[in-house]
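Colleague: Here it is: the structure, laid out below.
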Amino acid sequence: MNDHDQKLLLDTAKRSIAYGLTENIALPLDADDFDSALQQYRASFVTLHLNENLRGCIGTLEAYQPLIIDVAQNAFSAAFKDPRFSAVRQKELSQLHYHISILTPPSALAITSEADLIDQLRPNIDGIIIQEGMKRGTFLPSVWEQLPDKKSFLTQLKLKAGFSPSYWSDNITVERYEVESFSS
């Protein structure tokens, strides 16, 4: 992603939240109005911070729509639909910091045990998806900044997915992805 496209995606995220404040929907866009790189089907996450605290984070793990639209919708959802937070208010808009992560397609990890998974984790590189049945959770690679220890990272991810910290099963599936990230 070149600098121009990064700035355009950040601007789109900001505009989508501003639009959502008055219209209660994400900024409507036509992907054909943008460069081919932004028309590609890519998965993204938009993370919002206010005063260095998380204010919202929503994204997609699998690409199903043009990147420019994915970012606009995820920005709106991070601001207004993240169940952990109240909706962003007008007075917060100018203080928000935006972080966009564009994901590579996830790839399955062949693991034989929890210890094997821990050995395969690559801090500050891997985003991880853990799943069994209807329980599923992910951490973006940026979470390594708060949880640099592999075991702690996995324990917190299991909790996020709805498992107990000590839970392990041969039916758990794990996928890894990387991200290209930028912020303002």
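Colleague: If a residue must be farther than 15 Å from ASP70 by Cβ, within 22 Å of the chain's Cα centre (by Cα) and not in a loop (DSSP other than H, G, I, E, B), how many such residues does region 18-35 contain?
Modeller: Number of matching residues: 4.
Colleague: Among (1) free of Cβ contacts under 8 Å to residues at least 40 places away in the same chain; (2) in a helix (DSSP H, G or I); (3) not assigned by TED's automatic domain parsing to the domain that holds LEU38, where does LEU154 come up short?
Modeller: It fails just one condition, (1).
Colleague: Taking the condition without any contact (Cβ under 8 Å) to a residue 40 or more places away in the chain and either in a loop (DSSP other than H, G, I, E, B) or farther than 23 Å from TYR167 by Cβ (or both), does PHE76 pass? Talk me through it step by step, then tell me what you get.
Modeller: On the way: without any contact (Cβ under 8 Å) to a residue 40 or more places away in the chain: no; either in a loop (DSSP other than H, G, I, E, B) or farther than 23 Å from TYR167 by Cβ (or both): yes.
So PHE76 fails the test.
Colleague: Then there is this: Give region 95-141 a look and list any residue that's of a type in the set (S, T, N, Q), farther than 23 Å from ILE58 by Cα and not in a helix (DSSP H, G or I), or say none. Before you say what the answer is, go through the steps one by one.
Modeller: Going through region 95-141, the residues of a type in the set (S, T, N, Q) turn out to be 95, 101, 104, 107, 112-113, 120, 124, 131, 138.
Cutting the leftovers down to farther than 23 Å from ILE58 by Cα gives us 112-113, 120.
Within region 95-141, THR112, SER113 qualify.
Colleague: Sort out which residues of region 85-94 are in contact (Cβ under 8 Å) with a residue 24 or more places away in the chain and either surrounded by 11 or more Cβ atoms within 10 Å (Cβ to Cβ) or within 19 Å of THR60 (Cα to Cα) (or both), and write them in order of number.
Modeller: Across region 85-94, the qualifying residues are PHE85, VAL88, GLU92, LEU93.
Colleague: For region 96-150, name all the residues that are in contact with a strand residue (DSSP E or B) (Cβ under 9 Å, 6 or more places away or on another chain), surrounded by 14 or more Cβ atoms within 10 Å (Cβ to Cβ) and charged (D, E, K, R).
Modeller: Across region 96-150, the qualifying residues are ASP126, GLU132, ARG136.
The values are calculated or read from the model by the stated rules, or taken from the named source; none is laboratory data. No experiment lies behind these values; they were computed from the predicted model shown. Backbone-built Cβ (ideal geometry, glycine too); neighbour counts: all protein chains shown.
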